[in-house]
Every structure is written in C-alpha cells, then in structure tokens.
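The values are calculated or read from the model by the stated rules, or taken from the named source; none is laboratory data. Not measured: the values here are computed from a predicted model. Here the Cβ positions follow ideal geometry from the backbone for every residue, glycine too, while neighbour counts run over all protein chains shown.
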Amino acid sequence: QKEVEQNSGPLSVPEGAIASLNCTYSDRVSQSFFWYRQYSGKSPELIMSIYSNGDKEDGRFTAQLNKASQYVSLLIRDSQPSDSATYLCAAQTGANNLFFGTGTRLTVIP
Amino acid sequence: DTGVSQDPRHKITKRGQNVTFRCDPISEHNRLYWYRQTLGQGPEFLTYFQNEAQLEKSRLLSDRFSAERPKGSFSTLEIQRTEQGDSAMYLCASSTGQGVGEQYFGPGTRLTVT
C-alpha cells in the first residue's frame, strides 16, 4: 500500500458547486496533512494544513481529517474556473519529509 | 519576493553530462528539502537538510546524486552522468522547522536529458 492514495480523477464540477477531493493514508504516515494546488507546469502551492481530527476552514476551503478512518478530504465551495488544477494530498512523518499522492485533477466548468 | 528560488528553471543536457541545480530557501527557514516530480506523479522526497546537516536521504537518491548546503543557506543538487530517466522536475522546498513545518516550494528546475 502506498503511503498516500488519491483518486486521479479527472473530477469535473460546474462553476459555483462544491468540489470534494479525497485522500487515504497508511499507518506509516500519521502526523500532519497538507493540501497543495498545482497548476499545469507550475510547482505545488500550499493551500491548507490540518493536524487534528475534525474540520478546518479557510475561506472557500475546508479540510477534514478522520484519523480513525485514515481519511483526509478537501472541500472547495463556490468553485471557480481558476480552481481548475491538480490537488495534491501530502502527509508528513516524524522525519518531516512529505509523502504525496498522485493528485486529483479538478476541472471547474464555467 | 522572498519565496524559495531555484536556478536554472530549465536545463537540457545530453546523456552522460553532469548538471547542478541551485536552491535559495526563504531566508528564515532552516530546513530545506529536495523532491523530484515526473509527469502524472506527486513529488517524491529525495533529501532533507537542517541548517548545513543532511539528515535524511531517500533510497531514490542514487550514488550519482549529491546535495550540499555548505553554510546552511542555499543548497545545490548535482547529478553526475545523467541518464534519460533523470528527466523530471526537481523541486526545492523550505520550512521553518518549528511545529509541524509547512513546506513551501520553489518554482522547480525542469531537467530534460536527451
């Protein structure tokens, strides 16, 4: 099993809808979790971090963590065409390096 | 702009040549990371420095790869005797080392080995 797994998509949502992105992780990575956005040809940009069970909201983004189920999600409310990108889920071990999923490609249709 | 910077942004080289990339982290960050990303994959960890000490290396980092951070500021990643399989985006990230250590990425160096 890979440390972090994501559905590669693509995921298409209409403008204004809620986009839901999901990620599962193995027992080997369990400390902190991050969501990065990556536009085509660009480097990953940190958009959310979450460290404890529950929800964390930042503007239109909500990250959810459920350690019992080893599950992390990212909700994007009022999706905009500019949100179209690949979203990478990452988990941090005690050694501080990040394990990344393969990313979910999101397309927001105007 | 005080973000992470990387140089060069693009490098095309012939198989067998050596290449060196540079990363300048955010100035107050004492941790620096190198990752490699190929098409359709997430970044893969290569190595990590805290100040000038290289504390961890992935087994992905073959003997042809070496990284340094001589004064705890900028870092270099050298690939010797490049192979076509080395073609990838090489990403550098830095963090403060405080708390959980959110990592911020530079723009990357895209390497093409012909």
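The table below lists the values:
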{"quantity": "Single residue of B:Pro107, B:Pro70 found to be crowded, with 16+ Cβ neighbours inside 10 Å and either more than 26 Å from A:Val4 (Cβ to Cβ) or modelled with pLDDT of 95 or more (or both)", "calculated": "B:Pro107"}
{"quantity": "So B:Leu61, is it surrounded by 17 or more Cβ atoms within 10 Å (Cβ to Cβ), at pLDDT below 90 and more than 9 Å from chain A (Cβ to nearest Cβ)", "calculated": "yes"}
{"quantity": "First in the stretch A:56-73 and under 15 Å from A:Leu21 (Cβ atoms), second anywhere and assigned to a loop (DSSP other than H, G, I, E, B), Cβ under 7 Å, 6 or more apart", "calculated": "A:Arg60/A:Arg77; A:Arg60/A:Asp78; A:Leu65/A:Ser52; A:Leu65/A:Asn53; A:Asn66/A:Asn53"}
{"quantity": "Among residues of the stretch A:29-45, those that are facing chain B (nearest Cβ under 9 Å), surrounded by 14 or more Cβ atoms within 10 Å (Cβ to Cβ) and more than 22 Å from B:Thr38 (Cα to Cα), counted", "calculated": "1"}
{"quantity": "The stretch A:71-83, residues that are assigned to a loop (DSSP other than H, G, I, E, B) and either crowded, with 20+ Cβ neighbours inside 10 Å or of a type in the set (Phe, Trp, Tyr) (or both)", "calculated": "A:Ser79"}
{"quantity": "Residue check, B:Thr38 in contact (Cβ under 8 Å) with a residue 24 or more places away in the chain, on the phi < 0 side of the Ramachandran plot, of a type in the set (Ser, Thr, Tyr) and more than 13 Å from chain A (Cβ to nearest Cβ)", "calculated": "no"}
